[in-house]
1. Taking each label point as 7 Å beyond Cα in the direction of the beta carbon, state the distances from residue B:141 to the same residue in the other copies, shortest first, in nm.
2. Could you tell me what percent of the accessible area of chain A is made up of carbon and sulfur, with a 1.4 Å probe and every protein chain present?
3. Go through region A:38-58 and flag every residue whose accessible area shrinks by 30 Å² or more with all protein chains in place compared to the isolated chain (probe 1.4 Å).
4. Per residue, how much accessible surface does region A:18-90 expose to a 1.4 Å probe? Answer in Å², no decimals.
5. Counting Lys and Arg as +1 and Asp and Glu as -1, what is the net charge of the other residues whose Cβ lies under 9 Å from the Cβ of residue A:96?
6. What number comes out for the charge environment of residue B:81, summing +1 per Lys or Arg and -1 per Asp or Glu over other residues with Cβ under 11 Å away?
7. Roughly how big is the A-B contact, given as buried accessible area in Å² (both sides, 1.4 Å probe, nearest 100)?
8. How large is the charge dipole for chain B, taken about the Cα centre, if only the Cβ atoms of Lys, Arg (+1) and Asp, Glu (-1) carry charge, to the nearest 20 debye?
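The values are calculated or read from the model by the stated rules, or taken from the named source; none is laboratory data. If you're wondering where the values come from, they're calculated on a predicted model, not measured in any experiment. Cβ placement follows ideal geometry from the backbone for every residue including glycine, while neighbour counts extend to all protein chains displayed. These area figures cover heavy atoms from the full protein model, side chains too; ligands, DNA and RNA do not enter into them. Shrake-Rupley method; radii C 1.70, N 1.55, O 1.52, S 1.80 Å.
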Protein chains: 2
Amino acid sequence: MMRKHSLELKPIGIIHSPYKNTRAAPYQGYRSEEISHIEVFKEFEEGLKDIEDFSHIIVIYWFHKYQGYHLLVKTPWDDSMHGLFTTRSPHRPCPLGLTVVELVAREKNILKVKGLDAIDGTPLLDIKPYIPEVDERSIVKFGWLEGKLRKERC
Amino acid sequence: MMRKHSLELKPIGIIHSPYKNTRAAPYQGYRSEEISHIEVFKEFEEGLKDIEDFSHIIVIYWFHKYQGYHLLVKTPWDDSMHGLFTTRSPHRPCPLGLTVVELVAREKNILKVKGLDAIDGTPLLDIKPYIPEVDERSIVKFGWLEGKLRKERC
């Protein structure tokens with residue numbers, strides 16, 4: 001079986017962030033007003049053409065500061081054990097982070113963004129346009145997380 | 001500089017899909033009623049605990065059938081050349097696919113989903129809960145793509 005073979009990725013950039021370590025990062029950055037700078041390596045800059053016309057982008061990155069994982073996890077939101085794949089824990093078998101961020105400005109290969117909770121130095125893997133028609137769903141239930149995010153964390 | 005070093009991923013599952021090759025797959029699966037089956041490898045099954053309480057999940061996968069990329073691309077939506085990172089083209093430096101899908105049913109380590117446009121045999125990398133409060137933005141502009149998706153493709 002070939003299916004479990006390793007796959008190899010090379011970063012397309014690096015994230016410069018005010019969060020210098022894992023303790024400093026918020027649980028979800030979407031509420032934060034902090035600014036991060038996404039440096040897309042020069043050789044990929046052409047791929048950013050007209051990205052400044054988009055108000056939001058999806059950023060995919062590598063959780064480089066988080067090692068290992070458990071399949072059942074406790075989160076900041078309650079005392080129960082939850083299936084890892086029903087959480088946004090950064091400790092995952094494939095340590096891929098995903099955040100929808102506001103694109104505040106662009107200067108050449110640098111994107112100034114708001115709402116990104118990645119640690120300083122995080123490897124950038126991909127940027128995709130955020131398109132409500134594609135990425136949003138109108139009728140949604142979200143299990144144990146419902147009502148949790150508006151409350152204080154435990 | 002360490003920053004451009006390769007990163008290694010191991011799939012957590014495999015996607016069984018009605019789309020047997022790249023020509024068969026829709027440009028965006030979110031409109032499709034077709035059912036795909038996501039097989040999460042047995043060793044990760046515990047991480048799916050209570051996922052059936054979620055109506056939608058974010059699926060991240062490896063575009064295994066798409067080789068190479070260009071930084072400027074033409075899409076099915078118009079005749080202009082667009083920056084790759086303003087498109088959802090599967091030809092990307094890091095070939096990561098991302099789709100929000102409807103979770104129709106779960107049986108043990110198999111998730112039956114609707115709206116996934118991945119090719120049969122696609123390596124599964126991650127599953128995250130879809131949470132409107134985290135993943136949706138209320139005021140959005142999306143550049144050249146605005147108004148395009150409701151129209152017929154060129």
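1. List, nearest first: 3.9 nm.
2. 49
3. Buried by the other chains: A:41, A:43, A:44, A:46, A:47, A:49, A:53, A:54, A:55, A:56.
4. 49
5. Charge balance near residue A:96 sits at +1.
6. With Lys, Arg at +1 and Asp, Glu at -1, the net is -2.
7. Details: alone 10930 and 10930 Å², together 14380 Å².
Chain pair A/B: roughly 7500 Å² of buried accessible area.
8. Numbers: 23 positive and 22 negative charges, 148 e Å.
Dipole about the Cα centre, nearest 20: 720 debye.
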